[in-house]
Amino acid sequence: MATRDADVELRHDEPNLARLNLVLAPNRTELYEWTKQLALDALGAIHITCTAPRNSLVPHGVDNDILLGLVNAAVLQGLPEDDTVRVTSRELLRLSGITPSARAYEKLRESLRRLQYTAYDVIDSWYDGSKHRWRTMSFSLIVKHSAEDNTADVTNLGQWRAQTVLAIKLDDGVIKNIRAGHILPLNFELLAKLTQPLTRNLFRTLSFQRQGSGQPVLAYSVPLSVWASHLGMHEMRPDTVMRALQPAHVELKATGFLQDVTYQGRGKSRVVHYTFGQVDATATDPEAAALLARYGVSGGRTLLLAQSHGLQAVKRAVGVLEALLRTEYRTKIRNKAGILTDILEQPHKYDILLIQAEGRQSSTPAVRHSAAQHPSDADAPVAVRDIAAAHIILMGTYDQPAERREIRDRVSALYVGGRVTTLDLIGMLGKSTAEAQAMLAHWTG
């Protein structure tokens, strides 16, 4: 149940939560419901209605931190099959970036109630990462939660403390997206420096606009009125919104996340323009995580492997796995996720297997004599060379445009003819068109 201290250095967000901003940014609110319909980016309109139960308020302020803590607890626990996170109150506060205290435990209790009992209606704005399409969803972020004190010395019944054990079931739509590799990496070192919930909310929302589309951008502009509505600063004058955002902007510039913030225009036509600082090169690549998830690697392990090894290494490992599945070794592969993980951790071991497969493909008497002299080689895999195998190993990276497709077809023919090896094909993954053409020229020269 407990999370390891080393793991706390990792932070990931579910992109819908970051983009849609379901928790109001201000620390205080009197709202029990709100609706927003706005265009924030090129991904399409956002249409959401949020309704809290009677005599309650909608999620706001620190609730955003608690929600992010729950997402990361789920990831670190390997995305439990029952979608239920099990942590102590202290662990959840720690994952949420909140200093534990008696008051913090009481605030945590209030936050979880708001997140459980508030209903959201998201219309054509929720991205389903497993089916790659937009959906309409009605849900609560927390389905249910329970608390149990794990000590015999309970003097104040119902009062949460550090060792109180929480079981919190999250909405399955959120968990399903993370399992599909639909995640957004967050810089925890930077996040830990931010002192206010409003600043952390702004950081989380801007992080999506910075890299949520898959390619990091240098700047982002949005009408101030739209931005205020999105953050939950309802019915505020433009100058009031600017004053409210100023401390957060100062803090985000001090950390280097933002390089500059400027405003253009006046009144309701005013636009806020964000220029981002240097992009974090160590962030998890969503494509790498999605690729690992496709082969059955579990959610938490997926993110750790993607972050540790990067997209190029993941693609190469998948290429090796697919090549092995075209050999006699496939009968020994009962767990693709396990083998893929092992390939990432011990690539040389599996390169040797492929080299053995290349050597045993030939049916010449010399090869048969060698196998007879070395019985230990009898179980070595035998590579099957055909066009289909070449295309699978290349993973579609040369299917478009026509110039790359021509390279694919020529290299595939060389592969079938025995002019290039399986490892040669795998080495083409991630290469530019010019690099691939140079490799082809070398093989045919």
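Going from most exposed to least, what order do K193, K253 have by accessible area with a 1.4 Å probe?
So, going from the largest accessible area down, we get K193, K253.
What do you reckon, how do E33, E322 stack up by accessible area (1.4 Å probe), largest on top?
The ranking, largest first, comes out as E33, E322.
Translational diffusion coefficient, Stokes-Einstein: compute it for the chain using the Kirkwood radius over C-alpha pairs as Rh, at 25 °C and 0.890 mPa s, and state it as an integer in µm² s⁻¹.
The calculation lands on 100 µm²/s.
Would you mind classifying the range 166-258 by shape? Square roots of the alpha carbon gyration tensor eigenvalues, ordered a ≥ b ≥ c; an a/c under 1.5 is rounded, otherwise it is prolate if a/b is larger than b/c and oblate if not.
Note, shape of the range 166-258 comes out prolate.
Pop out the ³J(HN,Hα) list for the range 267-278 in order, Karplus 6.51 cos²θ - 1.76 cosθ + 1.60 with θ = phi - 60°, rounded to Hz; leave Gly and Pro as x.
Once θ is set to phi - 60°, the couplings for the range 267-278 become x, 6, 8, 5, 10, 9, 10, 9, 10, 7, x, 4 Hz.
How large is the translational diffusion coefficient of the range 35-81 in µm² per second when you combine the Kirkwood radius over alpha carbon pairs with Stokes-Einstein at 25 °C and 0.890 mPa s?
Estimated via Stokes-Einstein, D reaches 180 µm²/s.
K131 to S101: FRET efficiency via 1/(1 + (r/R0)^6), r the Cβ-Cβ distance, R0 45 Å, to the nearest 0.05?
The formula returns an efficiency of 0.55 here.
Could you give the accessible area per residue of the range 54-198, probe 1.4 Å, as a whole number in Å²?
46 Å²
Might you work out the accessible area of W134 for me, using a 1.4 Å probe with all protein chains in place, and round it to the nearest 10 Å²?
100 Å²
Take the Cα atoms of the range 161-215, build their convex hull, and give its volume per residue in Å³.
143 Å³
Once ligands and nucleic acids are excluded and a 1.4 Å probe is used, how much of S269 is accessible, expressed in Å² to the nearest 10?
That residue has around 80 Å² of solvent-accessible surface.
Could you sort E328, E189 by accessible area so the largest value comes first, with the probe set to 1.4 Å?
Result, largest first: E189, E328.
What's the carbon and sulfur percent of the chain's accessible surface, probe 1.4 angstrom, rounded to a whole number?
Percent of accessible area from carbon and sulfur atoms in the chain: 50.
Quick one: accessible surface of D121, probe radius 1.4 Å, all protein chains present, in square angstrom to the nearest 10.
60 Å²
If you take the square roots of the eigenvalues of the alpha-carbon gyration tensor of the range 186-229 and sort them as a ≥ b ≥ c, do you get rounded (a/c under 1.5), prolate (a/b over b/c) or oblate?
It comes out oblate by the Cα gyration axes.
Based solely on its DSSP helices, what 222 nm [θ] is calculated for the chain when runs of n ≥ 4 H residues each add -39,500 (n - 2.57) and the sum is averaged over all residues, nearest 500 deg cm²/dmol?
Roughly -14000 deg cm²/dmol at 222 nm, from the helical runs in the chain.
From the residues A119, G310, T84, which one has its Cα farthest along the dipole of the chain in the positive direction, the dipole being from +1 and -1 charges on Cβ of Lys/Arg and Asp/Glu about the Cα centre?
The Cα lying farthest towards the positive end belongs to A119.
The values are calculated or read from the model by the stated rules, or taken from the named source; none is laboratory data. Not measured: the values here are computed from a predicted model. As a convention, Cβ positions derive from the backbone with ideal geometry for all residues, glycine included, and neighbour counts pool all protein chains shown. In case anyone asks, the SASA skips ligands and DNA or RNA and just uses the protein heavy atoms, side chains included. Shrake-Rupley method; radii C 1.70, N 1.55, O 1.52, S 1.80 Å.
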